[in-house]
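Asks: Can you keep this structure in mind? I'll have questions shortly.
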Amino acid sequence: MYRIATPETEEDFARYYDFRWLILRKPWNYPPGSEKDEYEGVSEHRMILDGKGEIVAVGRVHLNTSEEAQVRHIAVSGDHQRKGLGQMILSALESVARQLGAERAVTNSRETSIDFFQSCGYRVEAEAPNELNQLKRSQMVKELTENNVLMLHPKWCNELQQTWSETIPISEHMGIKIYQYTGRTFETRASLNKNINIHGTMFAGSIFSLATLTGWGMIHLQLKQQGMDGDIVLGDGDIHYHKPITMQPRALCNIETLSGKFDSLRKGKKCPIKLQVDILDGDTPVAEFKGVYWVLPVTSTT
C-alpha cells in the first residue's frame, strides 16, 4: 500500500530532505544540505509512504508566477521504481498547482527523465541551466487543465464510465467520475455536494460505494489489458474510516495491492481478486477499503 503524505513535523522534514539528498545528490558526491534551495519555505512538499511508513518517493512544487508552477526534486527509491510512483507523486504536485491557481507547470528535466515527463504530458520547450554544473537539462512545460491528467486507454475508460452510468445508477447520482488511469493506478472522484450529510461531510455509505466501484473498475480495466472478459462481483468488503471527508472525495487503487491471477478465468472458472482502495480527502488519507471480488466467466446466451 502506498499513500501520499505531506511532511509537517521537524522529523518529517528531516526524513524528507535526507531521502532527497540520498537519491538526487549523494550519487554525485554532493554533501547533505545541497538538496535544499531558497524556495523550500514557499513550496508545497509531498512524499509517498509505503505500508511501513517508509518514504519511497518525494517531490516539490512552488509558484514562479500566479499562472506558472514549477515542479522540482522528484525522486523515487530504486527499490520501488517502475511501479507508477513517479506518476503518482507528479499527479499530486500538479493537483496542488491547480488548487493554487496555476495554469501551467514547468520542470527542468535531466536527459534521463525526459521520456518520463513526456509520457505525463510535458513537452520540451527550451534548454535549461545545467544542474550541479554538470548535468544537462531541458525545460519542459505542461498546460494544466482538468482534462489533461494521464488517461491510458481513454476509450476503455469512456466505455467504463458509460457502463456505470447505464447499469449502476447510483454512480450517476453520486457524481462518480473516472479521473485518471495509468495502467498501474486508477483514480475516481465523487461530488461532495451530492453525498453530503447533516454534518457537512460525506456519507459513510457513499464512501463505501465509491471504494467498491473503484475496485470494480480497476479489475475491469486489468481484464481489458489482458484481452479478457468476465462478470465482476463483490464477494466481501471491509473499510476503516479515520477522518471525515469535507472537501474533495478521491479513491485510488494501485496495481501493487491486487493479488490473484486471472489464469483460472481462461479455463472457464471463476477467480478471486483481492485489492485495496485508498480514500482521500484532497491529499489527506481518510479511509482504507479492502475487498475480495470474484470474476466469473461470461456465459454464452446463445
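Asks: Quick one: if you stick a label point 7 Å off each Cα along the C-beta vector at Lys270 and Gln226, how many nm between them?
Replies: Using points 7 Å along Cα→Cβ, the separation is 1.7 nm.
Asks: Determine, at each q value in 0.16, 0.17, 0.18 (inverse angstroms), the log₁₀ of I(q)/I(0) that the Debye formula gives when each Cα of the stretch 154-296 is one equal point scatterer.
Replies: -0.80, -0.90, -1.00
Asks: A further question follows. Pull out the extension gain between Leu100 and Leu234, defined as 0.36 nm times the separation in residues minus the alpha carbon to alpha carbon distance; nm, one decimal.
Replies: 44.4 nm
Asks: Can you give me the long-range amide H partners of Met151? Hydrogens built in the peptide plane at 1.01 Å from N, cutoff under 5 Å, separation of 5 or more residues or another chain.
Replies: Tyr181
Asks: Let me ask you something else. Which FRET efficiency, nearest 0.05, do Val298 and Arg82 yield, Cβ-Cβ r, R0 30 Å?
Replies: 0.40
Asks: Among Val277, Val42, Val76, which one shows the highest mean-square fluctuation when the chain is modelled as a Gaussian network with alpha-carbon springs under 10 Å?
Replies: Among Val277, Val42, Val76, the largest GNM mean-square fluctuation belongs to Val42.
Asks: Given H placed 1.01 Å from N in the peptide plane, which residues other than close sequence neighbours of Ala57 have an amide H under 5 Å from its amide H?
Replies: Amide H neighbours of Ala57, under 5 Å, 5+ apart: Ile48, Ser77.
Asks: To continue, here is another question. By how many degrees, between 0 and 90 and to the nearest 10, does the Cα long axis of helix 204-225 differ from the longest principal axis of the chain?
Replies: Once rounded, the angle reads 90 degrees.
Asks: Which links in Lys52/Lys267; Lys26/Lys224; Lys142/Lys261; Lys194/Lys267; Lys194/Lys261; Lys83/Lys136 stretch past 31 Å when you go from one Cα to the other?
Replies: Lys52/Lys267; Lys26/Lys224; Lys142/Lys261; Lys194/Lys267; Lys194/Lys261
Asks: Also, quick follow-up: In terms of Cα to Cα distance under 14 Å, which aspartates and glutamates are near enough to Lys274, apart from those fewer than 8 places away along the same chain?
Replies: Asp236, Asp238, Glu256, Glu288
Asks: Right, here's the next one. Determine, from the Cβ-Cβ distance of His153 and Glu127 and an R0 of 30 Å, the FRET efficiency 1/(1 + (r/R0)^6), rounded to the nearest 0.05.
Replies: 0.35
Asks: If we count every other residue with Cβ under 12 angstrom of Ala69's Cβ, Lys/Arg +1 and Asp/Glu -1, where does the sum land?
Replies: Residues near Ala69 contribute -1 overall.
Asks: Hey, another quick one. Classify the stretch 3-143: rounded, prolate or oblate, from the alpha-carbon gyration tensor (a ≥ b ≥ c, eigenvalue square roots; a/c under 1.5 rounded; otherwise prolate if a/b is larger than b/c)?
Replies: Because its axes are fairly even, with a/c under 1.5, the stretch 3-143 counts as rounded.
Asks: Could you list which residues have their amide H under 5 Å from that of Glu103, counting only those 5 or more apart in sequence or on another chain, with H placed in the peptide plane?
Replies: For Glu103, whose amide H was placed from the backbone, the distant partners under 5 Å are Glu68, Ala69.
Asks: Oh, and also: I want to verify a result. In a Gaussian network model of the chain, Cα cutoff 10 Å, which of these has the top mean-square fluctuation: Arg98, Arg20, Arg266?
Replies: Fluctuation is largest for Arg266.
Asks: Can you tell me the length gained on complete extension of the stretch Ser191 to Asp37, counting 0.36 nm per residue apart and subtracting the Cα distance?
Replies: Gain on extension, Ser191 to Asp37, equals 51.6 nm.
Asks: How much FRET efficiency would the formula 1/(1 + (r/R0)^6) give for Thr167 and Thr145, where r is the Cβ-Cβ distance and R0 is 25 Å, rounded to 0.05?
Replies: Once rounded, the FRET efficiency stands at 0.25.
Asks: Shifting gears a bit: To the nearest 20 Debye, how big is the dipole of the stretch 3-143 about its Cα centre, given +1 on the beta carbon of each Lys and Arg and -1 on that of each Asp and Glu?
Replies: I would put it at about 440 debye.
Asks: Moving on. Mind giving me the nanometre distance, one decimal, between the label points for Lys177 and Glu10, set 7 Å out from Cα along Cα→Cβ?
Replies: If labels sit at Lys177 and Glu10, their model points lie 4.4 nm apart.
Asks: Then there's this: Quick one: helix 154-167 against the long Cα principal axis of the chain, what's the angle to the nearest 10°, folded into 0 to 90?
Replies: 40
Since every read-out is calculated from the coordinates, none of them should be taken as a lab result. Quick caveat: nothing in here was measured; it's all calculated off a predicted structure. Methodologically, a virtual Cβ is constructed for each residue, glycine included, from the backbone with ideal geometry; neighbour enumeration extends over all protein chains shown.
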